[in-house]
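Single-structure report; data block below.
Each reported figure results from applying straightforward, stated rules to the coordinates on display, with no laboratory input. In this text the structure is predicted, and so the values were computed from the model without any measurement. Methodologically, a virtual Cβ is constructed for each residue, glycine included, from the backbone with ideal geometry; neighbour enumeration extends over all protein chains shown.
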Amino acid sequence: MQRILNALIQFRNVVLYLLLLFIALVFINGNSEFHKTIFSRYGFYVSQRFQSINHKITYFFSLSEVNKKLLDENTTLKALELQNNSIALYPDALTQKARFPFKVIGANVIKNGFLSQRNYIILGRGKAGGIQPEMAVISKNGVVGLVQDVSENYSNVISILHEDMKINVRLKNNRAFGSLAWKGKHPQDFQIEDIVTSAQIGVGDTLITGGMSSYFPVGIPLGKVVQLDSSQLDGYYTIDVKLFEDPSQVHYVYLLENQDREEIKDINQKKNP
């Protein structure tokens, strides 16, 4: 209290000036319509400025919540997109209502390796977030990898940029199936293996997931054919593909949980005891 009194005494001239100025402004505002209009205009301007600053501060501190809502909305939209884009493998199936057994979960990328021949990705979501081993991992424009291990809050993903990782694929306008494998150089340069030379394929054809595994649904766009060679004597094409998206630059992914996976495993075991 004594410090406040000492400060008032020390700056008494300034305090007295501000007090008298305030009183004068009140009298002017009350007795002059012109000055009242001016003060009202400046008061509105100052009020708007303070409100704008307050809004920006509030928005800044709520960004994390806004981002979370946007990511949740994107995850829902991705699930709808996958369901709508899932195509039938054979013409007679086009008249049947397609069943989409995949559940979509979003996750942030914590670490994305791409400098070796065997690359892995760490996701900021684990068992607590519903992640399980063998879940497919995709981005907004392609395939990213497959979940290998999970902890409570993190997941380890085998990247598509791994020499042992092969994805079942097909050409969008062709029923020819093959395996997509990384060439080990640029992150977007891949090759398709095991497509016979009798298949009708051309440069520029779109590559999609084949749907022959229980990991990825059919119809996810992956890339385009940039070069093909049918001169080999073994009867198979050498097909070079460029992905639509660079897997090493992905920062947010979608994980696909095939809710029929256990049923598929059981039927496979009964078929191949």
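Can you give the local net charge around residue 172? Use residues other than it whose beta-carbon is closer than 14 angstrom to its beta-carbon, Lys and Arg +1, Asp and Glu -1.
Local net charge: +2.
Kirkwood hydrodynamic radius, computed over distinct alpha-carbon pairs, for region 185-234: how many Å, to one decimal?
On the way: mean 1/r = 0.0791 Å⁻¹.
After inverting the mean inverse Cα-Cα distance, the result is 12.6 Å.
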**Message:** Can you tally the net charge around residue 214? Count Lys and Arg as +1, Asp and Glu as -1, for every other residue whose Cβ sits under 13 Å from the Cβ of residue 214.
**Reply:** -4
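Take the Cα atoms of region 177-273, build their convex hull, and give its volume per residue in Å³. Kindly include the intermediate steps, with their values, before the conclusion.
Values: hull volume 13.8 nm³, N = 97.
Each residue corresponds to 142 Å³ of Cα convex hull volume.
Quick check on my link table: of 127/183; 140/185; 242/265; 140/183, which ones sit more than 26 Å apart, alpha carbon to alpha carbon?
Numbers: 127/183 33 Å; 140/185 23 Å; 242/265 33 Å; 140/183 22 Å.
In this structure, 127/183; 242/265 exceed 26 Å between Cα atoms.
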